[in-house]
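See below for the structure under consideration.
The values are calculated or read from the model by the stated rules, or taken from the named source; none is laboratory data. The structure presented is a predicted model; accordingly, all values stated were derived computationally and were not measured. Note: ideal-geometry Cβ built from the backbone for every residue, glycine included; neighbour counts use all protein chains shown. Note: areas computed on protein heavy atoms with side chains; ligands, DNA, RNA excluded. Shrake-Rupley method; radii C 1.70, N 1.55, O 1.52, S 1.80 Å.
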Amino acid sequence: MKRIRVLLVDDQALFREGLATLLGLNASVELVGEAEDGEAAIAAAARLRPDVILMDLRMPRLGGVEATRRILAAQPVVRVLVLTTFEEDEEVFAAIRAGAAGYLLKASPSEKLVEAIRAVAAGESVLQPSVTAKLLAEFNRLAGKNERRAVQPLPEPLSGRELGVLQCLCDGLSNKEIAGRLGLAEGTVKNHMTNVLGKLGALDRTQAALRARELGLI
């Protein structure tokens, strides 16, 4: 099995060392490099061509949001997974707008981090439940400023099962976790997820969650 090439970006050397040790214990992940700020991350990404970048947000010289924007402009296939704390809500929203595939709390268990790396590498978006709620609340606040904006109904409504999958998505569950909650095979969940994204006109899970909130589906 091809190992997932990971670039770790964080300005705290001790945090990088600890995370590097944890990732080194997992056979499916290969840590190919580290960077201490956004400028170094851009250079490292161009040189190393990682599959996934673990991106801190608050760093000297250049922060994670702008680094994400520049890296994805040059390498659209790279997947950026933001490592965040509760205090960084605004940066999380900005990182998603810049193209980040997901976000995870730094305090998450190592198993959860590896799952998230695998998910974004496979093309999924990772929604941390605690931060997702704040993201949707922020979207609701912004949408409230423009209540007259008309929302177009879906050309094809979601089935009951697809609505269930959508709710799980908005709860921040991975496909594996959704399968466990709904009693479905993981492959079946992936099929439903594809249908949900298509019907909502969403490119990824984050867009689907926002679109669902906009339409009042959750």
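Among the numbered criteria (1) among the aliphatic types (A, V, I, L, M); (2) closer than 14 Å to residue 156 by Cα; (3) in a loop (DSSP other than H, G, I, E, B), which single criterion is violated by residue 184?
That leaves (2) as the condition not met.
Of these, 32, 80, which one is of a type in the set (A, V, I, L, M, F, W, C), in contact with a strand residue (DSSP E or B) (Cβ under 6 Å, 6 or more places away or on another chain), farther than 17 Å from residue 116 by Cβ and open to solvent by less than 40 Å² (accessible area, probe 1.4 Å)?
Unique residue meeting the criteria: 32.
List every residue pair whose Cβ atoms sit under 6 Å apart, with the two residues 6 or more apart in sequence or on different chains, where the first one lies in the range 204-218 and is basic (Lys, Arg) and the second, anywhere, is assigned to a helix (DSSP H, G or I) and surrounded by fewer than 17 Cβ atoms within 10 Å (Cβ to Cβ).
213/139
Just for the range 163-200: of the residues that are at pLDDT below 85 and among the small types (Gly, Ala, Ser), which one is least open to solvent (accessible area, probe 1.4 Å)?
172
Just give me the residues in the range 4-46 being part of a helix (DSSP H, G or I), charged (D, E, K, R) and closer than 16 Å to residue 60 by Cα, in sequence order.
The answer is 16, 39.
Of the residues 95, 67, only one is within 26 Å of residue 171 (Cβ to Cβ), open to solvent by less than 10 Å² (accessible area, probe 1.4 Å) and not in a strand (DSSP E or B); which?
One residue alone meets the criteria, 95.
Which residue out of 23, 57 is under 17 Å from residue 120 (Cβ atoms), touching a helix residue (DSSP H, G or I) at 6+ places or on another chain (Cβ under 9 Å), without any contact (Cβ under 8 Å) to a residue 60 or more places away in the chain and open to solvent by less than 70 Å² (accessible area, probe 1.4 Å)?
The conditions single out 57.
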